[in-house]
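Structure first, then comments.
The values are calculated or read from the model by the stated rules, or taken from the named source; none is laboratory data. Everything numeric here is computed off the predicted structure, so don't read it as measured data. Cβ placement follows ideal geometry from the backbone for every residue including glycine, while neighbour counts extend to all protein chains displayed.
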Amino acid sequence: MKSGQTQGKVIALGFFDGVHRGHAALLRETTQRAQALGYVASVVTFDRHPENLIVGQPVPLINTPADRADLMRRLFGIQEVIFAHFDEHMMHMPWDEFITGFLRDKLGASHLVAGHDFHFGYKGQGNPARLREKCAQLGLGCDIIPKVEYDGITVSSTYIRKLIAQGEMERANDFLGHPHVFSDTVHHGRKIGSSIGIPTINMTVPDGILVPARGVYATRVCVDGMPYNAMTNVGIRPTVDSSGKVSVETNILDFSGELYGKEVRVEYYAYLRPEIRFESLEALKAQIYHDREATREYFGKNGF
């Protein structure tokens, strides 16, 4: 590359919800290509799921955009994550214009990486064969990644969403290839946990993000890069709240310190039990201590 030229980019294409095992194959190829060529390992994705606009049906997403970007950077060494806004203009863009005008001319793509089922452009007319052919015409590199199977099933975000919604977290994590994650800034709750000696951190799931099945989970919480074993309740807190609003509350097992205003990441590992309504706070407290022991046992057995 001559001095003064902009560094080229190897760009992975896709939505990457969950950043699962299928995506992993594509992202690893992207970083390896970028290292070999001396280019920037990049991803182009969308800020919202295309089906929201194309079908008019909201798709509940596994991850927030921030968590998607973090997973790609942290686990696969992606250097740049570009969120394109999916609007009417993007939906009606001809497939070849998406490659030439958007990816090459606007974003500076030198090499593209896509999955075997990647479709793009107006009415999904762009496909892997057309992508490969157009890249050859334009002098761009192109890799198409074959489908990835796990346990005899093609890995897909759709399948993983179903598992998470049913509370099958360990199987979901098998297909993800990493723990399911949710990050948020810790905010003040009603301090009911603190009042019974079991403080929790409160997190809010944004609209459009998939909420796991209600219940108690063995989780780990990452605070300032340090992981701590924890347990998380997803539900409506029927013992202490009559609003019916779903909340996510996490009790960190061996941690003391101020967390309000901090960004934390919760990693889900296993479903422990369904949500229950207790007759008293004392009964709730007793169950929480039992849940804490079940959490310690789970992580002890699994080498944490």
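Pairs, please: C-beta under 7 Å, at least 6 apart or cross-chain, first residue under 21 Å from D184 (Cβ atoms) and in the stretch 265-290, second surrounded by fewer than 19 Cβ atoms within 10 Å (Cβ to Cβ) and among the basic types (K, R)?
E275/R214
For K285, state whether it is of a type outside the set (A, V, I, L, M, F, W, C), loosely packed, with under 13 Cβ neighbours inside 10 Å and either at pLDDT below 90 or within 26 Å of the chain's Cα centre (by Cα) (or both).
no
Within the stretch 48-124, considering only helices (runs of 4 or more DSSP H) that don't extend past its boundaries, which have at least 2 residues that are surrounded by 15 or more Cβ atoms within 10 Å (Cβ to Cβ) and in contact (Cβ under 8 Å) with a residue 24 or more places away in the chain?
Passing ranges, in order: 50-54, 65-76.
Would you please name the residue that is nearest to the chain's Cα centre (by Cα), looking only at residues in the stretch 15-47 that are within 16 Å of Q79 (Cα to Cα) and part of a loop (DSSP other than H, G, I, E, B)?
In this case the residue turns out to be V19.
Scan the stretch 125-156 for residues that are among the charged types (D, E, K, R), outside any helix (DSSP H, G or I) and buried (at least 16 other Cβ atoms within 10 Å of the Cβ) and jot them down.
Selection gives D143 alone.
So how many residues does the stretch 157-174 have that are closer than 26 Å to I11 by Cβ and in a loop (DSSP other than H, G, I, E, B)?
0
Would you check if there is a residue in the stretch 183-195 being modelled with pLDDT of 90 or more and surrounded by 14 or more Cβ atoms within 10 Å (Cβ to Cβ)?
Within the stretch 183-195, one or more residues are modelled with pLDDT of 90 or more and surrounded by 14 or more Cβ atoms within 10 Å (Cβ to Cβ).
All but one of (1) of a type in the set (K, R); (2) more than 28 Å from S42 (Cβ to Cβ); (3) over 23 Å from the mean Cα position of the chain (by Cα) hold for K123; which doesn't?
Status for K123: all satisfied but (2).
Filter the stretch 32-43 down to the residues that are of a type outside the set (G, A, S), farther than 23 Å from T154 by Cα and crowded, with 19+ Cβ neighbours inside 10 Å and list them by number.
R33, Y39 - these are the residues of the stretch 32-43 that are of a type outside the set (G, A, S), farther than 23 Å from T154 by Cα and crowded, with 19+ Cβ neighbours inside 10 Å.
Look through L53, L75 and report the one residue that is within 12 Å of the chain's Cα centre (by Cα) and either not hydrophobic (A, V, I, L, M, F, W, C) or not assigned by TED's automatic domain parsing to the domain that holds I209 (or both).
After ruling out the rest, the residue left standing is L75.
For the stretch 268-279, indicate whether the set of residues that are of a type outside the set (F, W, Y), surrounded by fewer than 11 Cβ atoms within 10 Å (Cβ to Cβ) and more than 22 Å from the chain's Cα centre (by Cα) is non-empty.
Yes, the stretch 268-279 contains at least one residue that is of a type outside the set (F, W, Y), surrounded by fewer than 11 Cβ atoms within 10 Å (Cβ to Cβ) and more than 22 Å from the chain's Cα centre (by Cα).
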